[in-house]
């Protein structure tokens, strides 16, 4: 009996040691995280198909690229399908016929802009491993840069044509008012792009 109790006592002590070994000492509370200063955003290539309602700014949850990165013609207009935004409709007095015409222009140009944007992205993806190679091949990289530049130029031209068609639907007074609003003439902020509720 004493032997049995002794074995039981050894087992209890051993089990207690195992439990204590597995138990981590309490950790001191962590200090609250300090906000990190925002890192400078690296320059990125502008995907022109993202503008004018095709990508960023045209669909919910995707912000438009910064205005400074946009080509001059695109800086002259809000992002997305802005002509369906109640705020812009009210500010510029856009009528339903103008909205219909701009929607038609958007639909006519949309697929081409999507295709051209995809072409640009493909050329950029092809270039990535060329630049990342341990021994970069300058000839291949320069040839691929030409392809990327050509794809970007085609996309920019197509998007500029699209935006020019949109501009032609506006009256001279509406265009002047739009430019005044965008440049901050009396308004602190522009309304959100149409992709955030004006679709």
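A simple spin-label model places the labels of residue 99 and residue 176 2.6 nm from each other, with each point 7 Å out along Cα-to-Cβ. Take the Cα of residue 157, step 7 Å toward its Cβ, do the same at residue 142, and the gap between the two points is 2.4 nm.
The numbers here are math on the coordinates, done by the rules we state, and not lab data. The structure displayed is predicted, hence computed values, not measured ones. A quick note on method: Cβ atoms are made from the backbone with ideal geometry, for glycine too, and the neighbour counts reach across all protein chains shown.
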